[in-house]
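Here is the structure we will look at.
The values are calculated or read from the model by the stated rules, or taken from the named source; none is laboratory data. Bear in mind that the values here come from a model prediction, so they are computed numbers and not experimental data. Neighbour counts run over all protein chains shown; Cβ positions are idealised from the backbone, glycine included. SASA here: full protein model, heavy atoms, side chains in, ligands and nucleic acids out. Shrake-Rupley method; radii C 1.70, N 1.55, O 1.52, S 1.80 Å.
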Amino acid sequence: MAEQTIKFDISGMHCVNCASTIERKLKGVKGIKSVRVNFSNATGLVSYDTNTINKNNIAKFIKSLGYSAKERIRIDQSSKESLQKIWLIYSITTSIVMMVFMYVPFPGLVEKYLSYIQLGLATITILGPGMDFFISAYKSVKNLFANMDVLVSLGILSAFIYSTFAIFGIFGTSSHAFFETSVMLIAFIRIGKYMEERAKGKASMALQKLIKLQADKARLLSPEGKETEVNASSLNVGDTVIVRAGEIIPVDGEIEEGTSTIDESMVTGESLPVAKKKGDRVIGSTMNKTGVLIIKTSKVGEDTVLSQIINMVEDAQMDKAPIQRFADNVSNIFVPIVVAISIITFLCWYFIFYHAASQPPLVWALKTAVAVLVIACPCALGLATPTAIMVGSGIGLNNSILIKRASALEQIARIDTIVFDKTGTITEGKFGVENIVPSGEINDNDLIALASAGCAFSNHPLSLSVVDEAKARKLSWDTVQDFRELAGSGIQCKYKDKTLMIGNESLMTSNNITIDSLQNKTKELEVKGESILYVSYNNTCQGVLGLMDKIKQNAKEAISSLQQMNIRTVMMTGDSELVANAVSSAVNIKEYRSKVLPGEKRDVVKNYQEQGMKVGMIGDGINDAPALAQADVGIAIGAGTDVAKETGDIILIKNDIMDVVRAIQLGKKTLTKIRQNLFWAFFYNSIGIPIAAGVLSPYFGISLKPEYAGLAMAFSSVSVVTNSLLLKKLSFRS
């Protein structure tokens, strides 16, 4: 048996139940081993036995279900969003016009033909923005699986058909049309559809941003030493490329010649460039900072680190539950029940209780059956979740918390574990001078000024921090000569005709600079997680500087608040054990992971999920993207990379870690409102359906005309929206 896995772009899905239908049907096909269909990014992942079935057969089978499938090409969703927006604007505009017709009196001829004008507008709306619902409902019924669009379609059609009959006098001259019910229902549901398309478009953009990080061109070096510029995608394993300072490394490979420092923050998330020499491995799409490198290619295409990160984001998004509403989960039961009640109502009044009917049996039976369908129309049910989410999202945005995915507010209310990236999340991602330890007679300011003279020509993060400290102290210094940046060790130059060196311990020992008197102090600083810079002038060590990535304001307070909410807090970082321990201790996180690579970050999140935990991941780097996608809720720092922000479900715009606490509070309140809305939606149905069916008519003379059923349905929608708006009274506790 030869097993193969293929990714499909699937079009034609209208809700999460469409994805469930495709999964359920495909799993029954001989040769299919596993299926995962994701509605939110319109993709399917299918593993199959190539001896039994091929990808063309799979695509044809999906087409037979009413959908289309093409091999994964990462399509742009913007055009689909534009169409959704056009239909949304049209349906809302038509709803407003219909409401004006209801409440504004019109003179003479206009009033005479007003019902026919409404019929025309409703017909255009149903055949335009409403047609998607009917197509989806048809596919759903065809595949024996009821979805939300079946309910929507029944509500639209029942109101439309009854109103059409009414204006032609089939129910008598006193019957009233209510075409606005159909039009408004389409407008309400269109809002939710538009939000879903935007979410799918954003998911696609995240992957496109990752792809754009790859180098377009490379300098291929021939065995004769000739340079040729080629497309990076055309490189093969074993090819040799040359990369100069300031250029993107185009391949994963091994250094054959040269030394340099490389900014690997794209992969590791850590701000310090890494010293590289002959024999060291390099990662494609990272930045060569200083020297010239000759690199032998070891990995290309799908095997590169960046491609693997892209695949991890895709796989995590495939595993991630799409936008799921409670109404979709119950619709498969609710629809047949409502239809059955409507049919039973008609049959009972026409064949059994016709003698108790207050109108001719056929008219009465039809009106009560239609009233059941209209009052059971899931307008309130469909609005219960999206209205609460829209209000909650608005509150979040007003508080600099951007909710990107509609399901995120529901999911964040349920998380019990939050995993923090360190650099740029708990810490600033910017180093500061924490300790100044002069040696001998030199003072703090003199040591900083001396160090700044050497650091002034360097772009290394530690050098920039030293210069910033000197500027903050308003110090001055003279210009150095013969400046050299030594990869992996530090800086060497001439200052006032004497040798000045700033760097690590190896720089000092290799130049026979004595540092014994500072050893005990430097060990204390290293235990605290500080990076050490020795300063030597005229072959004498003048002192040592301890630099550290600063803890963010409110970090400790935010973590304390989360712990008080019984949420487990975990920190992970690609940094060393010493640094990880120092930072976690500073913010009172007892559980941390150090030296974690990008793929491992995702695995850490997945491991907690496999233990049954609902995990929130908060990060700011490209390397965090797979973990953000894997988490139940991905929370991206606003100051972070575009890819992290696109992959995350929630963005903290102000870069304030306390907003994590506020987002959880908002999520819990929103979830409460959703539950209340669903209760009222079902409450109206449980009370309204029996009344619409005429149960009280023989005993109390109480019945419900279809037009009044439409008003009751509208009232239930108003109550749901009003209840959602009460979220605006939410005040965050610090």
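Restricting region 438-524 to trypsin sites (Lys or Arg not before Pro) that sit in a DSSP loop and have at most 16 other Cβ atoms within 10 Å of their own Cβ leaves Arg473, Lys474, Lys496.
Residues Glu3, Glu610 ordered from highest to lowest accessible area at a 1.4 Å probe: Glu610, Glu3. Annotation: amide H of Thr514 within the under-5 Å range of Cys541, sequence separation 5 or more or interchain, hydrogens built in the peptide plane.
Taking amide H as placed 1.01 Å from N in the peptide plane, Asp649 has its amide H under 5 Å from the amide H of Gly634, Ile635, Ala636, each at least 5 places away in sequence or on another chain.
Shown here for region 419-510: GluC sites (Glu not before Pro) in loop regions (DSSP other than H, G, I, E, B) with at most 12 other Cβ atoms within 10 Å, namely Glu441. For region 89-141, chymotrypsin sites (Phe, Trp or Tyr not before Pro) are listed when DSSP marks them as loop and at most 14 other Cβ atoms sit within 10 Å of their Cβ; the list is Tyr113.
Computed from backbone phi with θ = phi - 60° and the Karplus coefficients 6.51, -1.76 and 1.60, the 3J(HN,Hα) list for region 603-611 is 5, 4, 4, 4, 4, 5, 5, 5, 7 Hz; x is used for glycine and proline. Within a straight-line Cα-Cα reach of under 28 Å, Lys278 can be paired with the following lysines, leaving aside sequence neighbours fewer than 8 residues apart in one chain: Lys217, Lys226, Lys289, Lys296, Lys299, Lys595. A simple spin-label model places pseudo-atoms 7 Å from Cα toward Cβ; at Gln308 and Leu114 they are separated by 7.0 nm. In order along region 461-472, phi translates into HN-Hα couplings of x, 5, 5, 4, 5, 5, 5, 4, 5, 5, 5, 4 Hz, rounded to whole numbers, per the Karplus curve 6.51 cos²θ - 1.76 cosθ + 1.60 with θ = phi - 60° and x for Gly and Pro. For the set Lys521/Lys590; Lys212/Lys523; Lys528/Lys654, the pairs lying more than 31 angstrom apart at their alpha carbons are Lys212/Lys523.
When the alpha carbon coordinates of region 492-540 are projected onto the principal axes, the ranges are 36, 17, 15 Å, largest first.
Around the amide H of Ile491, modelled in the peptide plane, lie the amide H atoms of Leu486, Ile502, Gly503, all under 5 Å away and 5 or more residues distant in sequence or on another chain. The string of couplings for region 676-683 from the Karplus curve (6.51, -1.76, 1.60, θ = phi - 60°) is 4, 4, 5, 4, 5, 4, 6, 4 Hz, one whole number per residue in order, with x for Gly and Pro.
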